[in-house]
Amino acid sequence: MNEERLNGIRIGYEVLGDECAGDPVVFLNGVMMTTRSWVLQTAVMRKTFRCVLHDFRGQLLSGKPDRPWTLEDHAGDLLALLDHLEIERCHLVGTSYGGEVGMIFAFSHPDRVMSLSLISSVSEVGEELDRVVAEWGRAALEAPDDLYRISVPSNFSPQFVADHPEVIEQGEARLRACPPDFFTGLAGLIKTFRWLDVTAELHRIRCPTLVMVGEEDLLKPPPYSRLIVERISDSELRIVPEAGHALIIEKPDEVNAAISEFLAKHG
């Protein structure tokens, strides 16, 4: 893991794969994730692409400002990281919160984006989604040991929870091992997310865009993804059967195959 001070914030990042392996692909984290959360994707993708990962400001391996920040600040940090790594253009792959940052980056810096892959993401926050994430933010500050269990029903499909109790137990153990500032940072990320409203800006995204969502995603269900596809001219939608919000964990083979095929078309 490397770190660099960008826009006044310490940003933890890593680069996997040889520079000559192929186009750079930047993976953008969900709100409770860190760079290691993409292992089921990077283990495959690093063989073909140069994979770039970083923790957003407020996340585990990066700095946690004592003042509020915006989704646009994340986009600015990403721009600074690409400049630092001398990457002129890249593919963006973002899940949930990361996809939302990816959309903002794509319409703010269109010359830097070759393609955009959005997984389990939204362009605005409905009432039920806001209620759920507000509860997560409260738990992060007041009951961090309970946070993972509170989030499980929204993050995973019931069948996955029943079939893979060990994954849930491991996830809970990982979250409980995080330092206290992880949870204060998480509360800040959730506060930032609740202001998301970029539907009216999506027509500005001109790069090829893949939108993926789990059929059983209760947190950010398929209508959100359909709205995104309606507003981005060069986009396609894939709804993955029998999968919840944590698509990259529940259906890694399907996600990897879809993204690899999409990037091969638009490299």
### Task
Determine which lysines satisfy two conditions relative to Lys47: a Cα distance under 30 Å, and not lying fewer than 8 residues away in the same chain.
Lys251, Lys265
### Query
Among bridges DSSP assigns within the chain, what percent are antiparallel (round to 5)?
30
### For segment 195-210, 3J(HN,Hα) per residue [Karplus equation, 6.51 cos²θ - 1.76 cosθ + 1.60, θ = phi - 60°, Hz, x = Gly/Pro]
8, 4, 6, 10, 3, 5, 9, 5, 5, 7, 7, 10, 7, x, 10, 9
### Query
Can you run phi through the Karplus equation (6.51, -1.76, 1.60; θ = phi - 60°) for segment 223-235 and list ³J(HN,Hα) in whole Hz, with x for Gly and Pro?
x, 4, 5, 4, 4, 4, 5, 4, 9, 9, 5, 9, 9
### Task
Identify, among Ser108, Ile228, Val161, the residue whose Cα sits farthest towards the positive end of the charge dipole of segment 74-230, taking +1 on the Cβ of Lys and Arg and -1 on the Cβ of Asp and Glu, with the dipole about the Cα centre.
Ser108
#### Entry: Assigned charges on the beta-carbon of Lys, Arg, Asp, Glu; the chain dipole about Cα centre (debye)
360
### Query
Order of 212-219, 121-128 by packing, highest average Cβ count within 10 Å first?
212-219, 121-128
### Message
Accessible area of the chain with a 1.4 Å probe: how many percent of it is carbon plus sulfur?
### Response
50
### Summary
Expressed in angstrom and rounded, the centroid-to-centroid distance over alpha carbons for segment 43-75 and segment 133-180 is 21
## Note on the structure
Residue-normalised value, i.e. accessible area per residue, for the chain at 1.4 Å probe, in Å², stands at 43
### Candidate values (i) 71, 37, 35; (ii) 43, 41, 36; (iii) 47, 45, 31, label of the one derived for Cα extents along the principal axes in Å
(ii)
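The values are calculated or read from the model by the stated rules, or taken from the named source; none is laboratory data. What you are looking at is a predicted structure, and each value in this text was computed from that prediction instead of being measured. Note: ideal-geometry Cβ built from the backbone for every residue, glycine included; neighbour counts use all protein chains shown. Remember, those area values only see protein heavy atoms, side chains included, never the ligands or the DNA or RNA. Shrake-Rupley method; radii C 1.70, N 1.55, O 1.52, S 1.80 Å.
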